[in-house]
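*Asks:* Supplied in structure tokens, the structure appears directly below.
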Amino acid sequence: MIPRNKYLIAPHGKEYKNTKNIDGHSLIVNTSIEDVKYVNRIGVVISSPKNSEIPDGSLVVVHHNVFRTYLDMKGRQRKSNEYFRDEKYLVGPERIYMYNDGEGWKCTEGYVFVSPYDYIQDDRIYQSNEKEEEHMGVIKHSSLLPKGTRVGFTKNSEYEFELGGEKMYRMKVNDICVKFT
């Protein structure tokens, strides 16, 4: 089956990542379907539309609502609008932010992933409990800016992802407002 203009995707693993393995025992860390923090955002492309930049078999980073289950107005559980059947989803290119075709992660057009860096404490002024610098980070994945570039970004433009155990922010390239040298 070849979709016309969307990608046929299956979750990489389960739809939710809400368990941790501790001493050989599986522990459920969250039982709520409402918290997007525990929704899986990694999928595998089963079938791509013709002339697609993302080949079949690639891992993709998708929007947090793609694999999400929600409660409708009557309290019944429903799958997302992208759900097709048999645990497969039809996902538009606007909801795919990055892909790995076996040659490393590549951002789709218009998106960038930034890793925050630690807060720099200035003891001369005041003490702060901040963990990371606000609105600043380092480019991890981008099709336009080189990896390792220090950047500043606009307020509320970042959206948190965890990829490979590392915290990163996904944002649009237009939200990068300054490049530090």
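*Asks:* Whole-Hz Karplus ³J(HN,Hα) for region 134-139, in order, using 6.51 cos²θ - 1.76 cosθ + 1.60 and θ = phi - 60°, x for Gly and Pro?
*Replies:* 7, 6, 9, x, 10, 4
*Asks:* A further question follows. Around Gln77, with a cut-off of 14 angstrom between Cβ atoms, what is the net charge of the other residues, counting Lys and Arg +1 and Asp and Glu -1?
*Replies:* +2
*Asks:* Measure up Lys20/Lys131; Lys74/Lys140; Lys37/Lys106; Lys37/Lys74 against 31 Å on the Cα-Cα distance and list the ones that go over.
*Replies:* Cα-Cα > 31 Å for Lys74/Lys140; rest within.
*Asks:* Would you please calculate the Kirkwood hydrodynamic radius of region 67-117 over all C-alpha pairs and express it in Å, rounded to one decimal?
*Replies:* Working: mean 1/r = 0.0728 Å⁻¹.
With all distinct Cα pairs of region 67-117 included, I get 13.7 Å.
*Asks:* Over 29 Å, how big is the tail of the calculated P(r) for the chain, in percent of all Cα pairs?
*Replies:* Cα-Cα pairs in the chain separated by more than 29 Å: 32 percent.
Read-outs: derived from the displayed coordinates by stated rules, not from any lab. Quantities reported herein were computed from a predicted structural model and do not represent experimental measurements. Every residue, glycine among them, receives a Cβ derived from its backbone with ideal geometry; neighbour counts consider all protein chains shown.
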